[in-house]
1. Within 10 Å, count the other beta carbons around each residue, average over each peptide in 129-135, 82-88, and list them highest first.
2. Using a simple spin-label model with points 7 Å from Cα along the Cα→Cβ vector, what separation in nm is obtained for SER208 and HIS150?
3. Please say if region 156-284 is rounded, prolate or oblate, where rounded means a/c under 1.5 for a ≥ b ≥ c the square roots of the C-alpha gyration tensor eigenvalues, and otherwise the choice is prolate for a/b larger than b/c and oblate otherwise?
4. Regarding the chain, what whole-number volume in Å³ per residue does the convex hull of its Cα atoms give?
5. Would you work out the charge dipole size for the chain about its Cα centre, treating the Cβ of every Lys and Arg as +1 and the Cβ of every Asp and Glu as -1, and quote it to the nearest 20 debye?
6. Suppose R0 equals 25 Å. What FRET efficiency, 1/(1 + (r/R0)^6) with r the Cβ-Cβ distance, do ALA264 and SER196 give to the nearest 0.05?
7. Would you please classify the overall shape of region 92-143 from the alpha carbon gyration tensor, given that a ≥ b ≥ c denote the square roots of the eigenvalues, rounded means a/c under 1.5, and beyond that prolate means a/b larger than b/c while oblate covers the rest?
8. 5 Å is the cut-off here: which amide hydrogens, built 1.01 Å from N in the peptide plane, fall below it relative to SER182, excluding neighbours closer than 5 in sequence?
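Just so it is clear, none of the values below were taken in a lab; they were calculated from the coordinates. Not measured: the values here are computed from a predicted model. Here the Cβ positions follow ideal geometry from the backbone for every residue, glycine too, while neighbour counts run over all protein chains shown.
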Amino acid sequence: MSLAIINHPACALHEMGPQHPEQPARLDSVAKAINLLSIKPTHYTAPLASQAQLSLAHDPGYVSELFNHSPQQGYLQLDPDTRMNRHSLEAARAAAGAVIQGVDLVVTNQHRAAFCNVRPPGHHAEHGRSMGFCLFNNIAVAALWAIEHHQLERVAIVDFDVHHGNGTEDILGDHPAILFCSSFQHPFYPYSRADSQSPQIINLPLASHSDGATFRTAAKQHWFPALEQFRPELIMISAGFDAHQDDPLAQLNWCDEDYGWISAEICRIAERSTNGQSKVVSTLEGGYQLDALTSAVAAHLAELS
Ligand SMILES: [Zn+2]
């Protein structure tokens, strides 16, 4: 059973200005990594998430606002870092729709794993606002879809983007069916709290300039025992690659092998907790150095496939 790769043409048409680091070329960097896979994946075009699906995670008023104010030309500024052009609404709906489709394909055993090569990313988008390049919280929408549509009782989200998944924590932090494991440079954008007391949230704040070995030690000590005990029926990954040593937006020093390592460990835990069925859905978050993005995603997908 091959890896499912999900994307949508609108994701390449969403752009926020010529100097913006969250640029369409990122998708090409990921596509290069997909082409390196020795076992060829199966490609899907994402459906567009509906307002009702997006409202699983978001204030319906916020969802309608984006649907109703999509610009016909130029940009609509949503926050200091985030803009919409005339393709952004379709791209954002496709990005959330891709992760929903990934859940559908994996939960119904059509694939053991799915990767969504989509943008805009999602993990900074909160219940009622866009933030940090993110319009809709793709992974939160799809996790709630897995719980409400497929009746899953235990969904784990692992977020190894260099930035804290504040939006995912905002939306899902106290949900009894969710275990949220997030690693991030700290203190750093988005400057959200790192000391959540909820047993459902396992945050790994990492000092700037720390390396992959530091992350591995922390993940083994805090994430893996919690994941093993939780026994997730599905593991979802907010796959950001901006902790890479070559990434210009942050100051962690992970290398490609660290992405391969954490991906292999997540697959191992998923395999064990589902009696061999696996069930992993991963979606692109950050990662802004285009060559490092290719090599780190290649390491990630080699394990998922
Ligand atoms: Zn990031």
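1. On the way: 129-135: 24.9, 82-88: 20.9.
Descending packing order for the listed peptides: 129-135, 82-88.
2. Going by the 7 Å Cα→Cβ label model, 3.9 nm.
3. Values: a/c = 1.82, a/b = 1.27, b/c = 1.43.
Since a/c reaches 1.5 but b/c is at least a/b, the shape of region 156-284 is classed as oblate.
4. Working: hull volume 33.1 nm³, N = 305.
So the per-residue Cα hull volume is 109 Å³.
5. Working: 17 positive and 32 negative charges, 126 e Å.
Around 600 debye, computed over the chain.
6. It comes out at approximately 0.40.
7. Values: a/c = 3.07, a/b = 2.23, b/c = 1.37.
Prolate.
8. Those lying under 5 Å, H to H, from SER182 are ASP159, ILE202, ASN203, LEU204.
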